[in-house]
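Here the structure comes first, spelled out in structure tokens, and everything after it is commentary.
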Amino acid sequence: MRAPADAGRAPFRRRAGLPLTAGLVAVALVTGYFLLPLQELGPHRPVLSWTLFVLALAVVAAGILRQIQEVVTDKPGTRPGLGIPVLMVLSVLVFASCYYALSHQPGELTGLRTRIDALYFTLVTLATVGYGDITPHGQAARVVTILQIVYTFVFLTAAATTLSRRAHRFMNARSSYHHRDQ
């Protein structure tokens, strides 16, 4: 009995839904960011706030490193197209949450009042644009900003590079697969 002509294409079709799935997860995470009771964090609960921030960053960093390792070792069944973008969005939201909590402490962040401001400042810092409308003046805000810059250089750059290389290998494999069929 002969296998269907497109039987070998199933993995390519399954992967086609990854961007949609990653997008939906990202939307859910951003929605969660706006719904979380972040006002409970900040200067009136410094130990809880800093503990959650450090723990969240460590968990996201470990997830990114795991995804990178799975891609580098070519572990079968890995889905970096889902995991890496979601972890990148999560890291942005962790920093935005921290900035929002810090904004409630007088003198830390000038111009940051809302969650949108915090998300905006995080992305402006990530993109190294620096418009200057929101500025870290306090020592804690400056430490978090420095940490975000270093975190971006180390983890997010490595994650984006890994994902890009994996996508490039995938497209080359797909291209050679289609050329064999013809």
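Odds and ends about this structure:
- Taking every protein chain into account, the accessible area of region 21-60 amounts to 61 square angstrom per residue (probe 1.4 Å).
- Taking amide H as placed 1.01 Å from N in the peptide plane, the amide H of LEU109 sits under 5 Å from that of HIS137, GLY138, each at least 5 places away or on another chain.
- In order along region 147-161, the Karplus-derived 3J(HN,Hα) couplings, from 6.51 cos²θ - 1.76 cosθ + 1.60 at θ = phi - 60°, round to 4, 5, 5, 5, 4, 5, 4, 7, 8, 6, 5, 4, 5, 5, 5 Hz, and Gly and Pro are given as x.
- Rolling a 1.4 Å probe over the protein chains gives HIS168 an accessible area of about 120 Å².
- Protein heavy-atom surface of region 31-110, 1.4 angstrom probe: 69% of the accessible area is carbon and sulfur, with nucleic acids and ligands not counted.
- Rounded to the nearest 10 square angstrom, LEU35 shows an accessible area of 140 square angstrom against a 1.4 Å probe.
- In order along region 47-54, phi translates into HN-Hα couplings of 5, 4, 4, 5, 5, 5, 4, 5 Hz, rounded to whole numbers, per the Karplus curve 6.51 cos²θ - 1.76 cosθ + 1.60 with θ = phi - 60° and x for Gly and Pro.
- Under-5 Å amide H pairs with GLY42, H placed in peptide plane, nonlocal only: SER49
- Each residue of region 70-76 was assigned a 3J(HN,Hα) from its phi angle through the Karplus curve 6.51 cos²θ - 1.76 cosθ + 1.60 (θ = phi - 60°); the sequence is 5, 6, 4, 8, 6, 5, x Hz, with glycine and proline shown as x.
The values are calculated or read from the model by the stated rules, or taken from the named source; none is laboratory data. A quick note: this is a predicted structure, and the numbers were derived from the prediction, not measured. In case anyone asks, the SASA skips ligands and DNA or RNA and just uses the protein heavy atoms, side chains included. Shrake-Rupley method; radii C 1.70, N 1.55, O 1.52, S 1.80 Å.
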